[in-house]
Each structure stands twice: as structure tokens, then as C-alpha cells.
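Trainee: Supplied in C-alpha cells, the structure appears directly below.
The values are calculated or read from the model by the stated rules, or taken from the named source; none is laboratory data. What you are looking at is a predicted structure, and each value in this text was computed from that prediction instead of being measured. Note that each Cβ is placed from the backbone with ideal geometry, even for glycine, and that neighbours are counted across all protein chains shown. These area figures cover heavy atoms from the full protein model, side chains too; ligands, DNA and RNA do not enter into them. Shrake-Rupley method; radii C 1.70, N 1.55, O 1.52, S 1.80 Å.
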Amino acid sequence: MATTVPTRGAHTPPTGGSGAASNGHSKWRTRLWRFDDKASPYAYIAPFFLIFGAFGLYPLLYTGWIALHRVEMTSLNQSEWVGFDNFTRILQDSEFWTAVTNTFVIGVISTVPQLIVALGLAHLLNYKLRASTFWRTVILTPYATSVATAALVFALVFRADGGLLNWVLHFVGFGDTDWASGEWTSKIAISVIVIWRWTGYNALIYLAAMQAVPADLYEAASIDGATRWQQFRKVTIPSLRPTILFTIVISTIGSMQLFGEPLLLEGGTLGSVGGSEHQYETLSIYLFNYGWKLGHLGPAAAVAWAMLVLLLLIALINWIVGRLVRKSATA
């Protein structure tokens, strides 16, 4: 005998027995059942919204409130309404625009090589290799390393006096380079740390997406005489477009939040201000200086909201580019 599994929508409210008492009890059970049917879904998702409200929405709104007031670290219980003066203050500060430029430059020179290398590693790992689990674990190890540990190790590598990189470059005829003090060398040093930490993470994301590509596409391309490189360009890359856009967005958000790497590149006072001439000061470092070193929480909150606006603009640009890419692919 064939049986069917009833769904919740197929259930009917419970019925009671006969009599007035049973009729009243049946109505109460019916109301309770209907309430449970309507309220249960909201109860299941309520924990997420409670946590988001407490640790996401409330801090965001409170930061916006502080951005419109004069609040000092030494007198948190005292505030004065200043409107958009804090935003005007940071927008007229040349150091803010230096931090914006540094953040975008470091983001570009760290994100582009990182995603290209991650794509190549994922393509290699997608083949049947011996000990594939071992190699996947190896490339993910840098991601599991803390920011402080990675930054301190690379700070020793990029040291001007006795650093490992300068010691290697000395044997090929290059002189000692003060990596942290240079305009571009400092940004390259920070980008190397970011690339080292996040390449394996993105490679595994690409690998998961590659393994979801139907094998029939590769077989058809192989029958048509396509080489492996042609299969990679014509089959793999188009199939990975949504994943690539996702990693671009995530990497962009991460580059906007760079803090530990520039802070620990030199450490001490120089690291906390982004170098002697602010040559690698990021927006997070700039916010840190205003809020925790100078104690001006109003401008610091304004910087945080400016970072949010920049991220939304970048996300909008990525969305527009993604739509154009999808339209061109289907045309």
C-alpha cells in the first residue's frame, strides 16, 4: 500500500469530544494549534535577529549617534550635539584622504595577485593528486595563523637591518632596502602578508566551486579538441564567475579593515600612525588614532561610517559589473 508523508499544511486542527466542556477545550486547543503554526517559524529565526540586533544593528546605530556628537574618551557620559561637523572635520583632513588612498592601493596590489594565485592553486588541486587532503591542509595553514603571528614574522623578514629578505637580495647584487620606510615598499610588504594569509582560503573556495562544475562540460570540450588551457578559459572561468565576484567582494571588505598588518609592520609609535610619513596608514589605523590615541570618539565614529559608505559603493560597483558580465555571457 502506498503511503504519503503529510506536510504541516496538510494537518487540520485537533478536534475534541462531545459536550460543552469538550467543545470549549477543543476551541482552546484549536487556537493554541493555530498560534503555534504561525508563531513557530518566527521563534526559530528569532535568535539570529536578537543576536544581530544586539551585536550588529545597535552598535551601528550607536556609532551613528556618536558621529553626530562631540564625545571624548575621558568623559563618555558627556556629549554635545555637533551635527555633521565630525564628518566635515575628517573630509577636510588631508591625512584622511592619504589613508583612503593607501587602503585602496594596498587592497588592489594584495587582492589581484592573491586571487590569481588562488585560482591557479585551485586548478592544480582539482586534478587527482596524491595526498590531496594533505596539500589542501597545507595551503589553508596560513589562514589559520593569527594576524599578530604572521605580521611579527614578516616584520622580521622585512627588517632593514638584518632582515631575511635583505640578506637574500644582498647575494644577487641589491643593496639593503628599508621596506617599512618606503612609499611603495611598505605597501608591498603589507600586501605580501595579506597574500600569504588569504591565498589558501580563496583557493579552497575556488576548488569547491570547480568540483561543482559538471564533468560533461569538460568531456565535450575535450571531444572538440580543446586543450587543458582552453578548457580552463572556456569552461572553468565562466562557471566560476559568481564565485570570483564573491571573493572579490570579500577581499575588498577585508582590505578596508586592514589593521593588524600595518600596525605590527614596524610596531611601536611608527606602526600606530602608519609610518613616519603615514606612507602605509590605512583607514583602520586612522580610526584607531582618532578614537584611542587622541580620544576623540566623534570623528572616529565618522570615519567608521565613511568606511561603511565606501564599502557600499564598492559593493554597488561589483554588483553592476557582475550584471554586465552576466549579460555579456548570455548575449
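Trainee: Which shape class applies to region 31-138: rounded if a/c is under 1.5, otherwise prolate when a/b exceeds b/c and oblate if not, where a ≥ b ≥ c are the square roots of the Cα gyration tensor eigenvalues?
Mentor: Note, shape of region 31-138 comes out oblate.
Trainee: Can you list the residues of region 278-304 with backbone N under 15 Å from a point 7 Å past the Cα of Asp85, pointing along Cα to Cβ?
Mentor: Residues 296-300, 302 qualify, since their backbone N sits under 15 Å from the label point.
Trainee: Can you give the FRET efficiency to the nearest 0.05 for Ile253 and Thr74, using r as the Cβ-Cβ distance and R₀ = 22 Å?
Mentor: So, using R0 = 22 Å, E works out to roughly 0.10.
Trainee: Could you pull the Cα extents of the chain along its three principal axes, largest to smallest, in whole Å?
Mentor: Each principal axis gives a Cα extent; for the chain these are 99, 73, 41 Å.
Trainee: Restricting to Cα pairs below 8 Å that are 6+ residues apart, what does the relative contact order work out to for region 85-330? Please round to a whole percent.
Mentor: Normalised by residue count, the contact order of region 85-330 is 28 percent.
Trainee: Continuing with the same structure: Rounded to the nearest 0.05, what FRET efficiency do Ala39 and Val147 give with R0 = 35 Å and r taken as the Cβ-Cβ distance? Could you check?
Mentor: 0.20
Trainee: Here is a further query. At 1.4 Å probe size, with every protein chain present, just tell me what the per residue accessible area of the chain comes to in Å².
Mentor: Per-residue accessible area for the chain comes out at 61 Å².
Trainee: Working only with C-alpha atoms, what are the Rg and Dmax values of region 136-279, expressed in angstrom?
Mentor: Cα radius of gyration and Dmax of region 136-279 are 19.9, 63 Å respectively.
Trainee: Express in nm, to one decimal, how much length is gained between Phe246 and Ile188 on full extension, taking 0.36 nm for each residue of separation and deducting their alpha carbon distance.
Mentor: Value of the extension gain: 18.5 nm.
Trainee: Same structure, new question: On full extension of the chain, what length is gained from Lys234 through Leu217, given 0.36 nm per residue of separation minus the C-alpha to C-alpha distance?
Mentor: Result: 5.1 nm gained on full extension.
Trainee: On a C-alpha basis, how far is the centre of region 126-181 from the centre of region 265-321 in Å? Whole number, if you could?
Mentor: Cα centres, region 126-181 to region 265-321: 26 Å.
Trainee: Can you figure out the FRET efficiency of Tyr62 with Trp292, using R₀ = 22 Å and their beta-carbon distance, to the nearest 0.05?
Mentor: 0.85
Trainee: Something else: Spin-label point model (7 Å from Cα, Cβ direction): what's the Thr177 to Ile317 distance in nm?
Mentor: Here the answer is 2.7 nm between the modelled labels.
Trainee: Cut-off under 23 Å on the C-alpha distance; same-chain residues fewer than 8 positions from Lys234 excluded. Which lysines are left, in chain and number order?
Mentor: In chain and number order, the partners are Lys128, Lys327.
Trainee: Using a 1.4 angstrom probe on heavy atoms only, work out the carbon and sulfur share of the accessible area of region 85-330 in %.
Mentor: Here carbon and sulfur together make up 68 percent of the probe-accessible area.
Trainee: Can you pull the one-decimal nm distance between simple spin-label points at Leu129 and Val168, each 7 Å off the Cα toward Cβ?
Mentor: 2.0 nm
Trainee: Once you've got the GNM for the chain with C-alpha springs shorter than 10 Å, pick whichever of Gly291, Gly175, Gly120 has the biggest mean-square fluctuation.
Mentor: Comparing Gly291, Gly175, Gly120 in the GNM, the peak value goes to Gly175.
Trainee: Mean-square fluctuation check for the chain, GNM, Cα pairs under 10 Å: which of Ala203, Ala150, Ala131 is largest?
Mentor: For the chain, modelled as a Gaussian network with Cα springs under 10 Å, the answer is Ala131.
Trainee: OK, next. Considering Cα pairs under 8 angstrom that are at least six residues apart, work out the relative contact order of region 259-331 and quote it in whole percent.
Mentor: Normalised by residue count, the contact order of region 259-331 is 17 percent.
Trainee: Taking amide H positions as placed 1.01 Å from N in the peptide plane, with prolines and chain starts having none, which residues 5 or more places from Val82, or on another chain, fall under 5 Å of its amide H?
Mentor: Under 5 Å from the amide H of Val82 lie the amide H atoms of His69, Arg70, each far enough along the sequence or on another chain.
Trainee: Follow-up question, since we're still on this one. Considering the chain as a Gaussian network with a 10 Å cut-off on Cα pairs, which listed residue, Ser272, Ser94, Ser191, attains the greatest mean-square fluctuation?
Mentor: Ser94
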